[in-house]
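Visitor: I'd like to ask some things about the structure below.
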Amino acid sequence: MNTLVVWITGLPGSGKSTVADGIKKDFPDFVVLRMDKLREIVTPEPSYSDSERDMVYRAIVYMAKTLSDLGHKVIIDATGNMRKWREYARQLIPGFAEIYLECPLDICTGREASRKDTRGAPRDIYKKGGEGWPVPGVQAPYEAPLNPELVIDAGRMPLEEILPLIHKFIEQRSKAPQ
């Protein structure tokens, strides 16, 4: 069975959820796992501590692996600011792929400040980062992927150009033997 688990990573505001929604629209058989929605259940009052992040990222990797083992295609919509979590998924999940939405912090900050639908993401995250909260790219590190399967310049490319690239990537990966 050819399953695919795609982790869309990038700074908050880089477009992960928008891209995940676009993929889901084009490929309705994908299951979307959103870190922000998982946090609402697992950590309703999140501290964003290192130990809490370890727990929620391990949980989302476990869910993705379980769904993949059952034959589902999965999108992980999560910043995954530490490379170790994405590499953990790569080790555990056959058919894993990483898509990096590369986007400058100033563009991410502007997008986050103006978005209407947060899809469960906390509001004013970069403002909170300026106040000392552990926000990836501000007070917490964001470790960009070393060897992602696909890198997209999400700061310059509009969604209408991003989605066809991902569409082509998914079709190629879905046909490839694993």
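The values are calculated or read from the model by the stated rules, or taken from the named source; none is laboratory data. Owing to the predicted nature of the structure, the values given are computational and were not obtained by experimental measurement. Quick reminder, even Gly has a Cβ in these numbers, built from the backbone with ideal geometry, and neighbours come from all protein chains shown.
Visitor: Of all residues being β-branched (V, I, T) and crowded, with 22+ Cβ neighbours inside 10 Å in region 1-21, which is nearest to P94 (Cα to Cα)? Just the residue, please.
Guide: The initial filter retains those residues of region 1-21 that are β-branched (V, I, T), namely 3, 5-6, 8-9, 18-19.
With crowded, with 22+ Cβ neighbours inside 10 Å added as a condition, the list becomes 5-6, 8-9, 19.
On the way: V5: 8, V6: 11, I8: 16, T9: 18, V19: 22 Å.
It comes out as V5.
Visitor: Can you name every residue in region 39-70 that is of a type in the set (G, A, S), under 18 Å from the mean Cα position of the chain (by Cα) and either surrounded by fewer than 14 Cβ atoms within 10 Å (Cβ to Cβ) or farther than 12 Å from L92 by Cβ (or both)? Lay out the reasoning, then the answer.
Guide: From region 39-70, those of a type in the set (G, A, S) are 47, 49, 51, 59, 64, 68; that's our starting set.
Applying the additional criterion that residues be under 18 Å from the mean Cα position of the chain (by Cα) yields 59, 64, 68.
Within region 39-70, A59 is the sole residue that qualifies.
Visitor: Another question, then. Out of all the residues in region 29-63, which are within 17 Å of E87 (Cα to Cα) and hydroxyl-bearing (S, T, Y)?
Guide: Residues satisfying the conditions are Y57, Y62.
Visitor: Further question: Taking region 100-116 as the region of interest, how many residues are of a type in the set (S, T, Y), in a helix (DSSP H, G or I) and either buried (at least 18 other Cβ atoms within 10 Å of the Cβ) or touching a Cys at 6+ places or on another chain (Cβ under 6 Å) (or both)? Spell out how you get there, then give the answer.
Guide: To start, the set of residues in region 100-116 that are of a type in the set (S, T, Y) comprises 100, 109, 114.
Right, trim to in a helix (DSSP H, G or I) and you get 109, 114.
Keeping just the survivors that are either buried (at least 18 other Cβ atoms within 10 Å of the Cβ) or touching a Cys at 6+ places or on another chain (Cβ under 6 Å) (or both) gives 109.
Counting residues in region 100-116 that are of a type in the set (S, T, Y), in a helix (DSSP H, G or I) and either buried (at least 18 other Cβ atoms within 10 Å of the Cβ) or touching a Cys at 6+ places or on another chain (Cβ under 6 Å) (or both) gives 1.
Visitor: Can I ask one more? I'm told T118 meets every condition in (1) over 20 Å from V5 (Cβ atoms); (2) modelled with pLDDT of 95 or more except one. Can you identify the failing condition by its number?
Guide: The single condition T118 does not satisfy is (2).
Visitor: Count, please, the residues in region 129-178 that happen to be acidic (D, E) and touching a residue at least 12 places away in the same chain (Cβ under 8 Å).
Guide: As a first pass, look at region 129-178 and keep what is acidic (D, E): 131, 143, 149, 153, 160-161, 171.
Adding the requirement that they be touching a residue at least 12 places away in the same chain (Cβ under 8 Å) leaves 143, 149, 153.
Number of matching residues: 3.
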